[in-house]
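Peer 1: One structure, pasted below without further comment.
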Ligand SMILES: [Zn+2]
């Protein structure tokens, strides 16, 4: 993607997300005419009112700056040229051919990242590491799917769970019988029987018997 493509995509997302801001913000831009609903689904504050205030404070200068940019690109006001974001989007190739774009791309990127957070579209970290690479933190993206930026992959929570189990097994992790039961999804008694049948050896970790998870796996072939 060229810089211009990135800016265009950011503008498109801004246009899509703007209606998720409170109605005050939305109507200010003339982008939507939806009814007043302070209890929107996506909130960043502890209450709808707090969210509305936060959004207003944080988008005020942004709106002013976007207006200045639009004016530089010959926007003649809402009545003649329509909503600012749609105007900027339509004018992008025209402006890129005439002006240095550094300021515009910076401003749009900043607006994009602010509105992304304000409307709840920013990925949330989960605190869990990725089962694929073991490194990066997983982020919650759309539809509660989990994303790893290092692997450049998105997985369902079920896939992540299955992969995490597989990774633990493959890594020869030491676990207690109880932990093995939880990870393998089997009753602790089954694990107990398997230990006896396979005559598995244990290691004492802080006085507790630990077994190799790989050896406890149902399909394990010694
Ligand atoms: Zn990863």
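Peer 1: When you look at residue 103, is it more than 15 Å from the ligand (Cβ to nearest atom), in contact (Cβ under 8 Å) with a residue 60 or more places away in the chain and not assigned by TED's automatic domain parsing to the domain that holds residue 217, yes or no?
Peer 2: Details: more than 15 Å from the ligand (Cβ to nearest atom): yes; in contact (Cβ under 8 Å) with a residue 60 or more places away in the chain: no; not assigned by TED's automatic domain parsing to the domain that holds residue 217: yes.
No.
Peer 1: Among helices (runs of 4 or more DSSP H) lying entirely in region 1-84, which contain 2 or more residues that are at pLDDT below 70 and surrounded by fewer than 18 Cβ atoms within 10 Å (Cβ to Cβ)? Let's see the steps before the verdict.
Peer 2: Working: elements: 3-17, 23-28, 48-72, 78-81.
Output list reads 23-28, 48-72.
Peer 1: When you look at residue 85, is it assigned by TED's automatic domain parsing to the domain that holds residue 12 and either out of contact with any strand residue (DSSP E or B) (no Cβ under 7 Å at 6 or more places or on another chain) or closer than 30 Å to residue 213 by Cβ (or both), yes or no?
Peer 2: On the way: assigned by TED's automatic domain parsing to the domain that holds residue 12: yes; either out of contact with any strand residue (DSSP E or B) (no Cβ under 7 Å at 6 or more places or on another chain) or closer than 30 Å to residue 213 by Cβ (or both): yes.
In short, yes.
Peer 1: Scanning region 106-159 for residues that are within 14 Å of the ligand (Cβ to nearest atom) and on the phi > 0 side of the Ramachandran plot, which turns out modelled with the lowest pLDDT?
Peer 2: 134
Peer 1: I'd like to check which helices (runs of 4 or more DSSP H) are fully inside region 148-222 and have at least 2 residues that are without any contact (Cβ under 8 Å) to a residue 60 or more places away in the chain, closer than 17 Å to residue 130 by Cα and out of contact with any strand residue (DSSP E or B) (no Cβ under 7 Å at 6 or more places or on another chain). It would help to see each step written out before you state the result.
Peer 2: On the way: elements: 157-170, 177-184, 188-198, 213-216.
Those helices (runs of 4 or more DSSP H) span 157-170.
The values are calculated or read from the model by the stated rules, or taken from the named source; none is laboratory data. Just so it is clear, the model here is predicted, and its values are computed rather than measured. Reconstructed Cβ throughout: ideal geometry from the backbone, glycine too, with neighbour counts over all protein chains shown.
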